[in-house]
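Since the structure comes first, as structure tokens, the remarks are kept for the end.
The values are calculated or read from the model by the stated rules, or taken from the named source; none is laboratory data. All values reported here derive from a predicted model rather than from experimental measurement. So basically every Cβ, Gly included, is an ideal-geometry build from the backbone, and we count neighbours across all protein chains shown. Surface areas here come from the heavy atoms of the whole protein model, side chains and all, with no ligands, DNA or RNA. Shrake-Rupley method; radii C 1.70, N 1.55, O 1.52, S 1.80 Å.
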Amino acid sequence: MSEHTGESADAGKRGGDAGAGTAGPRPELIRFYGTTWVDHDGGYGLRRIGTAAGSLAAAVAACFVLRFAYEGLQLADTGTFVNVLVVVMFAICSALAFRKTWEGFSARPADPDADRSLQGLKAIGFIGSLLAYFFRTFTEAPGEGLRRAEYETSRAQYERRRATRTGNPSTRKKPKRK
């Protein structure tokens, strides 16, 4: 996850853009957004526009690459069955990748091992993942809702724990010995 908005890996440990100098839980970084999603500052809107345009451009470029690959299959005269099989395979993998990527923006995977086993499918259906990313940027930074809920929960827990403390125990008066 080191491909975020220019912050170093240490910035994630320090809290990145938001919450610097404050105690408590730190917001999780989102690729291309860092921690600007917390307060929607630091060019958050421009980042959303940029990532939407970038993911759409990458999806269009990928479609052209797949088209050239399909034309290569036609030139090789592999037959109708292979051509149809390739088209159906990419369509199904793209649809499944879209769904899994979309679900990943709103919930953590219940079984991380099963999610890892789908990486090959997502790699084949990468156009679906790019389109899911594109459509999600219209409402929020992809994954922002999930991370915001987790961050607010951890902040509330931190504040509750902190409020129940009575202070620094080393500054308390010690009872006199008799």
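With the checklist (1) touching a Phe, Trp or Tyr at 6+ places or on another chain (Cβ under 9 Å); (2) open to solvent by less than 70 Å² (accessible area, probe 1.4 Å); (3) within 17 Å of I30 (Cα to Cα) in hand, flag the one item G128 doesn't pass. Only one criterion is unmet by G128, namely (3). Restricting region 24-42 to residues that are open to solvent by 10 Å² or more (accessible area, probe 1.4 Å), under 14 Å from R155 (Cβ atoms) and not acidic (D, E) leaves a set whose member that is farthest from the chain's Cα centre (by Cα) is G24.
If you scan region 63-103, which residues turn out to be under 11 Å from L131 (Cα atoms), surrounded by 15 or more Cβ atoms within 10 Å (Cβ to Cβ) and not β-branched (V, I, T)?
Restricting attention to region 63-103, the residues satisfying the condition of being under 11 Å from L131 (Cα atoms) are 94-95, 97-99, 101-102.
Narrowing the set further to residues that are surrounded by 15 or more Cβ atoms within 10 Å (Cβ to Cβ) leaves 94, 97-98, 101-102.
Answer for region 63-103, where residues must be under 11 Å from L131 (Cα atoms), surrounded by 15 or more Cβ atoms within 10 Å (Cβ to Cβ) and not β-branched (V, I, T): S94, A97, F98, W102.
Sort out for me the helices (runs of 4 or more DSSP H) sitting completely within region 69-178 that have 3 or more residues that are touching a residue at least 40 places away in the same chain (Cβ under 8 Å) and under 14 Å from the mean Cα position of the chain (by Cα). Reasoning before the result, please.
Working: elements: 80-104, 112-117, 119-124, 126-136, 144-164.
Result: 126-136, 144-164.
When G45 is tested against (1) buried (at least 18 other Cβ atoms within 10 Å of the Cβ); (2) at pLDDT 90 or above; (3) more than 16 Å from the chain's Cα centre (by Cα); (4) small (G, A, S), just one condition goes unmet, and that condition is (1).
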